[in-house]
Amino acid sequence: MGIDYSEASVQLSEQIAKSREVEGLTFKVVDFVHGKTPNLHGQDGEACWDLLLDKGTYDAMALSADPGSGQEHPTSLYPSRVTALLKPGGFFLVTSCNFTEQEIENYFTSKEPSLKYHSRVQHPTYTFGGKSGSICSTIAFRKE
């Protein structure tokens, strides 16, 4: 199942799946952070997912909120929403183009102690000004 808070993104995903003749995927408009997610939980509301993938959601939330709005920043709610859906032993894979691996690891493990660093995806690196880095970071966490 694919979810997004944007109707246009869900429609685009459906069109791509159809054009590639991929069957069995469903896409839903869901406000994962602020909304209720009853269709994402198992029976009796328990965690039921073995794997959650984030390709830019954390980045978008980090860049989108108005710090002067008086509301809790969406990124502060995100780790607990992830762990609420993951089964024990389940994996959360997050890819970011805005944060380093260390920043991602520190943030998620400090907010949700049940998320433990598991591994990383090695991306191509480059060197500039004597420093080496990558244009994106992908980290896997496992829920205890």
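Odds and ends about this structure:
- Any pair with Cβ under 8 angstrom, 6 or more apart, that starts in region 109-120 at a residue that is among the aliphatic types (A, V, I, L, M) and ends at one that is outside any strand (DSSP E or B) and surrounded by 14 or more Cβ atoms within 10 Å (Cβ to Cβ): LEU115/PRO79; LEU115/VAL82; LEU115/THR83; LEU115/PHE108; LEU115/THR109
- Failed item, numbered, when ALA8 is tested on (1) touching a strand residue (DSSP E or B) at 6+ places or on another chain (Cβ under 9 Å); (2) modelled with pLDDT of 90 or more: (1)
- Region 1-32, residues that are farther than 20 Å from PRO74 by Cα and among the basic types (Lys, Arg): LYS18, ARG20
- Residue match in region 23-36 (condition: modelled with pLDDT of 90 or more, buried (at least 17 other Cβ atoms within 10 Å of the Cβ), not hydroxyl-bearing (Ser, Thr, Tyr) and not in a helix (DSSP H, G or I)): yes
- Strands (runs of 3 or more DSSP E) fully within region 49-144 counting 1 or more residues that are open to solvent by 20 Å² or more (accessible area, probe 1.4 Å) and within 22 Å of VAL30 (Cα to Cα): 49-55, 86-96
The values are calculated or read from the model by the stated rules, or taken from the named source; none is laboratory data. Just so you know, these numbers come straight off a predicted model, no measurement behind them. Using ideal geometry, Cβ is built from the backbone for each residue, glycine included, and neighbour counts are taken over all protein chains shown. Remember, those area values only see protein heavy atoms, side chains included, never the ligands or the DNA or RNA. Shrake-Rupley method; radii C 1.70, N 1.55, O 1.52, S 1.80 Å.
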